[in-house]
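*Asks:* Mind having a look at this structure? Questions to follow.
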Amino acid sequence: MLLIDDLLIRPFISLVEIIQNMALDEMYDTEKIRDELKENQLLFELGERSESEYRQTKEKLETQLKLADEVRSQMSSKVEIKQWCQTHTDTWGNNIQLRW
């Protein structure tokens, strides 16, 4: 049964984790948000955006950026823990497994 689990279920779980990470990377792309902040500033300076619209957009983007930074920080700490567990074993020689 364990062999079947390793052959059939593990690859599927790995694929789901990869897709989840790709989706999170796209949703919380800090570089994209920073670019939108710069674009907002530029449009305001060129007079194509009113001050109220500029401030509203800036506030929204800064909130998104803060959230994205927090999520990415949490994601990286989970990856570090997972990588550590994959390289360490418990006192009986078994690989350490953490469930999220």
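The values are calculated or read from the model by the stated rules, or taken from the named source; none is laboratory data. Being a predicted model, the structure only gives us computed values, none of them experimental. Note that each Cβ is placed from the backbone with ideal geometry, even for glycine, and that neighbours are counted across all protein chains shown.
Okay, residues lined up against (1) closer than 22 Å to MET75 by Cα; (2) of a type in the set (Asp, Glu); (3) surrounded by 13 or more Cβ atoms within 10 Å (Cβ to Cβ); (4) more than 23 Å from the chain's Cα centre (by Cα):
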site	(1), (2), (3), (4)
GLU26	yes, yes, no, no
THR30	yes, no, yes, no
LEU46	no, no, no, yes
SER52	no, no, no, yes
ARG55	no, no, yes, yes
GLU59	no, yes, no, no
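*Asks:* Suppose the filter is modelled with pLDDT of 80 or more and out of contact with any His (no Cβ under 6 Å at 6 or more places or on another chain); does LEU3 pass it? Quick ask: steps written out before the conclusion?
*Replies:* Values: modelled with pLDDT of 80 or more: no; out of contact with any His (no Cβ under 6 Å at 6 or more places or on another chain): yes.
The answer is no for LEU3.
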